[in-house]
Amino acid sequence: VTVGNMRLKDSLGIFNCSLAKIVESMKSEQMKFTKAVFKQNYHLFTKKLIFPYNKIKNTASLNIKVSSLKKSDFNSNIGGYHECTDGEFAHFQKFVKTMGITDIDGLIRAYNCSDSLFLADSLQAVREKFFSVFKLDIINFITLPQFSWTCFLRYSGVQIERVMDPTMAMELSNNIVG
């Protein structure tokens with residue numbers, strides 16, 4: 001997404017898989033932010049929540065009662081077809097009941113909050129691991145390739161010559177992302 005001269009990128013700049021797969025692979029002790037916010041209901045957030053994307057048509061959709069949603073409402077064509085499983089739907093029902101969510105608006109708020117916390121937890125786990133190995137904080141880099149390039153320069157000892165040709169410098173400058 002581009003806004004003015006700023007380009008927003010999703011987590012695929014750092015992670016090469018979906019947030020759901022990352023969350024499934026994380027250990028309980030790595031979920032610090034999620035545990036801090038959801039405390040006793042943390043267990044409901046140990047896997048990514050399904051979402052009825054196809055039910056959202058306009059702002060009036062925010063008032064749809066979650067109790068009226070059927071399992072088929074969670075089938076999705078986003079990123080390839082996915083059919084909601086009985087287990088996913090049962091988890092959803094338990095989630096909304098425990099969290100007191102009654103409509104799509106509340107579901108969106110909980111969904112966005114949990115995704116943000118999952119992303120914070122997963123990025124923090126990566127930060128800690130990468131810092132312990134490379135002594136560099138990945139949060140200072142926009143993409144994993146940028147981090148990798150810095151690691152290469154740091155650990156190889158290679159010295160890159162400064163570009164003095166104005167045409168070449170302009171070409172490089174015009175292709176910088178981030």
Checklist entry - Among the residues of the stretch 116-165 satisfying the criterion of being touching a Lys or Arg at 6+ places or on another chain (Cβ under 8 Å) and charged (D, E, K, R), which is most open to solvent (accessible area, probe 1.4 Å)? => result D137
Checklist entry - Among (1) open to solvent by 80 Å² or more (accessible area, probe 1.4 Å); (2) at pLDDT below 90; (3) more than 17 Å from M26 (Cβ to Cβ), which single condition is N75 missing? => result (1)
Checklist entry - How about the stretch 15-30: which of its residues are surrounded by 14 or more Cβ atoms within 10 Å (Cβ to Cβ) and of a type in the set (S, T, N, Q)? => result Q30
Checklist entry - Do we find that L12 is of a type in the set (A, V, I, L, M, F, W, C), open to solvent by 40 Å² or more (accessible area, probe 1.4 Å) and either assigned to a loop (DSSP other than H, G, I, E, B) or at pLDDT below 85 (or both) in this structure? => result yes
Next on the checklist: I'd like the full set of residues that are touching a Leu at 6+ places or on another chain (Cβ under 9 Å) and either aromatic (F, W, Y) or at pLDDT below 85 (or both), limited to the stretch 21-72.
Outcome noted: I22, F33, F38, F45, K48, L49, F51
Item to check | Output for the stretch 124-178, where each listed residue is in a loop (DSSP other than H, G, I, E, B) and among the hydroxyl-bearing types (S, T, Y) | outcome: T143
Checklist entry - Just one of K48, K55 is closer than 28 Å to C17 by Cβ, in contact (Cβ under 8 Å) with a residue 60 or more places away in the chain and surrounded by 14 or more Cβ atoms within 10 Å (Cβ to Cβ); which is it? => result K48
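The values are calculated or read from the model by the stated rules, or taken from the named source; none is laboratory data. Please read these numbers as outputs of a predicted model, since none were measured by experiment. Ideal geometry is used to build each Cβ from the backbone, glycine not excepted, and the neighbour counts take in all protein chains shown. Keep in mind that these areas ignore ligands, DNA and RNA; they rest on the heavy atoms of the full protein, side chains included. Shrake-Rupley method; radii C 1.70, N 1.55, O 1.52, S 1.80 Å.
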